[in-house]
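Report on the structure given below.
The values are calculated or read from the model by the stated rules, or taken from the named source; none is laboratory data. Nothing here was measured: the structure is a model prediction, and the numbers come from that model. No Cβ is skipped: glycine too gets one built from the backbone with ideal geometry, and neighbour counts run over all protein chains shown.
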Amino acid sequence: MIYFLLIILGLVLGSFINALVYRLNARQSIFWARSACPKCGHKLAAKDLVPIFSFAILGGRCRHCRAKISVSYPIVEFAAAALLVLVYWIWSPDLLMVFGYAVLSLFLLIIFIYDYKYYLIPDCVILPAIVFAVIFNILRQQDILYIFLAAAVGGGFFLLQYVISRGKWIGGGDIRLGVLAGAILGWPGVLFGIFLAYILGAAVSVPLVVSGKKAIGSAIPFGTFFTAAIFIAIWWGERIVGWYFGLLT
């Protein structure tokens with residue numbers, strides 16, 4: 001029963017995240033504006049907003065103008081539900097861990113999507129995420145000095161690149177994302193998170209450059225790769241590092 005409720009909650013939160021990402025970029029009210037088709041502007045009824053099912057029933061098109069609806073909408077809804085189920089499966093019955101990692105996972109999902117779509121990480125999302133991560137680790141009775149050390153290393157690593165390149169290599173959002181990674185992963189987990197982010201970025205970017213779909217030096221949504229790396233580091237970081245060092249011994 002609990003998993004069913006988590007799936008329903010996740011689908012609803014995923015639908016909210018879709019609206020949040022769109023409205024933040026469009027500079028619309030998050031809570032007061034009614035949902036509308038981005039193509040024709042027609043206000044959407046409740047039957048058009050049921051997560052996943054409305055998309056399937058409508059065949060991925062607006063009921064009024066028949067414009068295509070991005071498949072990213074149901075994917076995000078499914079992802080939010082899957083994250084809540086995964087968090088509960090891993091950390092239950094510790095409610096503090098379940099709640100903390102569920103909230104952080106949703107923050108990371110928002111950053112992942114926003115940076116993927118708009119090549120930007122909004123401060124109104126990442127700054128509250130940093131504060132929440134620090135408070136969460138304090139409640140978990142983690143060594144706060146290690147948390148601040150990890151946050152300083154994560155942010156400082158990208159700040160140095162920003163200064164050297166005069167903002168050409170990365171943006172300010174990546175610096176704050178480095179701080180968030182440190183606040184979530186701690187020390188030395190943040191080092192693995194950063195390393196993995198570059199591995200993921202290279203794994204996607206190099207084939208695109210080789211195929212001619214991207215030019216060398218083209219902008220990429222690095223925050224998307226970094227948030228994916230943070231997700232992996234949260235759940236499997238210690239196992240991956242342990243496996244790697246086991247190969248060396």
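Please work out which residue is nearest to the chain's Cα centre (by Cα), limiting yourself to segment 92-148 and to residues that are of a type in the set (Asp, Glu) and over 22 Å from Asp174 (Cα atoms).
In the first step, residues of segment 92-148 are kept if they are of a type in the set (Asp, Glu); the result is 94, 115, 123, 143.
With the extra rule that they be over 22 Å from Asp174 (Cα atoms), the set shrinks to 94, 143.
Values: Asp94: 23, Asp143: 25 Å.
Across segment 92-148, the extreme among qualifying residues is Asp94.
Going by the structure shown, is His64 outside the structural domain of Phe112 (by TED's automatic domain parsing) and touching a strand residue (DSSP E or B) at 6+ places or on another chain (Cβ under 7 Å)?
no
Looking only at residues that are charged (D, E, K, R) and under 19 Å from Ile17 (Cα atoms) in segment 47-80, which one is modelled with the highest pLDDT? I'd like the intermediate steps shown before the answer.
Here is the first cut: in segment 47-80, the residues charged (D, E, K, R) are 47-48, 61, 63, 66, 68, 77.
From the residues that got through so far, the ones that are under 19 Å from Ile17 (Cα atoms) too are 47-48, 77.
Numbers: Lys47: 79, Asp48: 78, Glu77: 96.
Ranking the candidates gives Glu77 first.
Please work out which one of (1) farther than 28 Å from Tyr119 by Cβ; (2) under 23 Å from the mean Cα position of the chain (by Cα) is the condition Val21 fails and give its number.
Of the numbered conditions (1) farther than 28 Å from Tyr119 by Cβ; (2) under 23 Å from the mean Cα position of the chain (by Cα), the odd one out for Val21 is (1).
Could you check segment 208-235 and list, in sequence order, the residues that are at pLDDT below 85 and either touching a Gly at 6+ places or on another chain (Cβ under 8 Å) or part of a helix (DSSP H, G or I) (or both)?
Start the filter on segment 208-235 by keeping residues that are at pLDDT below 85, which leaves 208-220.
Matches in segment 208-235: Leu208, Val209, Val210, Ile220.
Can you tell me how many residues within segment 159-207 are at pLDDT 90 or above and of a type in the set (Phe, Trp, Tyr)?
The total comes to 4.
Taking segment 82-115 as the search range and keeping residues that are of a type in the set (Gly, Ala, Ser) and in a helix (DSSP H, G or I), which one is surrounded by the most Cβ atoms within 10 Å (Cβ to Cβ)?
Ser105
Quick test for you: out of Arg63, Arg23, pick the one residue that is among the charged types (D, E, K, R), part of a helix (DSSP H, G or I) and either surrounded by 12 or more Cβ atoms within 10 Å (Cβ to Cβ) or touching a residue at least 40 places away in the same chain (Cβ under 8 Å) (or both).
Arg23
Take segment 152-194 and flag every residue that is part of a loop (DSSP other than H, G, I, E, B) and free of Cβ contacts under 8 Å to residues at least 12 places away in the same chain.
Arg166, Gly167, Lys168, Trp169, listed by residue number.
With the requirement that a residue be farther than 14 Å from Phe16 by Cα and either outside any loop (DSSP other than H, G, I, E, B) or modelled with pLDDT of 80 or more (or both), what does segment 29-46 give you?
Result: Lys43, single match.
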